[in-house]
Amino acid sequence: METTQRDTSLDILRIVACMMVVMMHAPIPLKEGQSSPMLGIISYLMAPCNGLFFMVSGALLFGRGLSFGQFIKKRLGRIVYPVVLWSVFYIFINKEKVGMEQLLWIPFYRTTACGYLWFMYALLGCYFLVPLIEPWLLKANRREQEMLLGGWLVTSALPMLTVYLGIPAFDEHTAWYYWSGFFGYFLLGWYAWQNHFTWKYVRVVGGIGMLLMVVSYMQSGLEVNINCYLHPYVILFSFVVFVSIKKLFAQYRPKTNLLATLSACTFGVYLIHSLLLNTYLKQIDIINALPVEIGILLRWGGTLLIGFSIMLLLRKIPGHKYLIG
């Protein structure tokens, strides 16, 4: 069965983002005296992983023309049920480390039994904004969208300047604080999907991102109050990866629905990868005794292989959407 151009590109982006998330979390703390440049490379180059997930959601969800009630009714359950079930699961798995009172946290805050679930709460908050922003977005021209996204990018860069301007590090009381946030990725995803960009444009954006990444590295020992996933270089790299995959696979027509199937599993792989990595694969002494780089690759590949295999099996269960989205 052939998939549409949009489905193919976005499916690949989801899979790539999922692979990047697992790679980001695959390393373990180094022993004293150990070092590996691979850890720094992973930290910087895998950082766009969550931004890509948000961008794919923006590209898919905007333009549906649903009312607020219809949108929430149709989309809410695909996040809420899996997050609740997996939060409870992680709490019971980690019962010796995590108090049972955290069951009461679930509607409001991710459990410390699985810190990676923060992403789901951010995603849920963005979902509520989609039907509210959509009417303006569909009427806005490219220039207007670029002005809004440009403001988001500039405000995300402001914390980097505090160390040079001699002003206190930014906090929640900063005037521009509420311009920043993960919803910007939703808008960026729609903008990147709806418009055409030349390879020259992509290279320029990537070059600027590289410069900002160098600045980030130089500021790593300073007190810069900035979310790593909202750093301007991460935003630009997310855009570059998104547009590049869109352009590379614009004419790709798969003969099977394998990509679509794997893409549908990525949400579940995100939910389970903490269990596979932290509870099992990071505790295997044989892997941990290997060179750092080999250990990372084995944990990364093992998590993806096992995670996708489990999700493919769970998809055969009736009502699987309540478990893995």
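The values are calculated or read from the model by the stated rules, or taken from the named source; none is laboratory data. A quick note: this is a predicted structure, and the numbers were derived from the prediction, not measured. Positions of Cβ are generated from backbone atoms using ideal geometry, with glycine treated the same way; all protein chains shown enter the neighbour counts. These area figures cover heavy atoms from the full protein model, side chains too; ligands, DNA and RNA do not enter into them. Shrake-Rupley method; radii C 1.70, N 1.55, O 1.52, S 1.80 Å.
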Set A260, A250: member being in contact (Cβ under 8 Å) with a residue 24 or more places away in the chain, within 30 Å of Y201 (Cβ to Cβ), touching a helix residue (DSSP H, G or I) at 6+ places or on another chain (Cβ under 7 Å) and outside any helix (DSSP H, G or I): A250
Restricting the range 56-77 to residues that are open to solvent by 60 Å² or more (accessible area, probe 1.4 Å) and either basic (K, R) or within 21 Å of the chain's Cα centre (by Cα) (or both), the residue that is farthest from Y270 (Cα to Cα): R64
All positions within the range 181-228 that are touching a residue at least 12 places away in the same chain (Cβ under 8 Å), assigned to a helix (DSSP H, G or I), among the aromatic types (F, W, Y) and open to solvent by 20 Å² or more (accessible area, probe 1.4 Å): F183, W190, W193, W199, Y217
Selected residue (only one of I306, I286 is at pLDDT 90 or above, under 23 Å from K31 (Cβ atoms), out of contact with any strand residue (DSSP E or B) (no Cβ under 7 Å at 6 or more places or on another chain) and among the β-branched types (V, I, T)): I286
Tally of residues being farther than 18 Å from A260 by Cα, under 22 Å from the mean Cα position of the chain (by Cα) and without any contact (Cβ under 8 Å) to a residue 24 or more places away in the chain across the range 299-325: 1
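Just to verify a result, which residue in the range 78-102, among those that are open to solvent by 40 Å² or more (accessible area, probe 1.4 Å), of a type in the set (A, V, I, L, M, F, W, C) and more than 25 Å from the chain's Cα centre (by Cα), is modelled with the lowest pLDDT?
M100
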Verdict on T174 being farther than 23 Å from S43 by Cα, polar (S, T, N, Q), out of contact with any Pro (no Cβ under 6 Å at 6 or more places or on another chain) and surrounded by fewer than 17 Cβ atoms within 10 Å (Cβ to Cβ): no
